[in-house]
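Contents: one structure, followed by commentary.
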Amino acid sequence: GSGQFGAFRGYLGGAGGGGGGSAFDADYGALMQISHATGGTFYRAQDASQLSRALAKLPAAFSIVRERVDIAAGFATLGGLLIAVAVALSLWRDRPRRVTAAPRATPD
């Protein structure tokens, strides 16, 4: 027969050539189970026009979600940590150091 195509969640499931037993024959039962388990939709097309119609439905199945995320708190935290590290290093570097006197030679 003619080539067959299966699609789920926007992915082509397989294409079979003429005759039977091709390595590209789709396992439609497995594809339907996968589409059901993932919340997708299974489309089966047996010719190019059916495939075009199935693929034309796919953009409606997807939605783009744009979400604004406030990252100012993260930058403020990072800035605070950098300031704390800078102050700690400055205090550590300018700390008073003990001066040990060299041992004096005792007169004999």
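Some notes on this structure:
- Its Cα gyration tensor gives the stretch 69-108 an equivalent ellipsoid. The semi-axes, each the square root of 5 times an eigenvalue, are 49, 5, 3 Å from largest down.
- Per residue value of the accessible surface for the stretch 57-108 (all protein chains in place, 1.4 Å probe), Å²: 109
- Filtered chymotrypsin sites (Phe, Trp or Tyr not before Pro), the stretch 30-108: DSSP coil and at most 13 other beta carbons within 10 Å: F62
- Of the solvent-accessible surface of the stretch 24-108, computed with a 1.4 Å probe and all protein chains present, 62% belongs to carbon and sulfur.
- Cα-based convex hull volume of the stretch 31-87 per residue, rounded to whole Å³: 144
The values are calculated or read from the model by the stated rules, or taken from the named source; none is laboratory data. Just so you know, these numbers come straight off a predicted model, no measurement behind them. Note that each Cβ is placed from the backbone with ideal geometry, even for glycine, and that neighbours are counted across all protein chains shown. These accessible areas exclude ligands, DNA and RNA; they are computed on the full protein's heavy atoms, side chains included. Shrake-Rupley method; radii C 1.70, N 1.55, O 1.52, S 1.80 Å.
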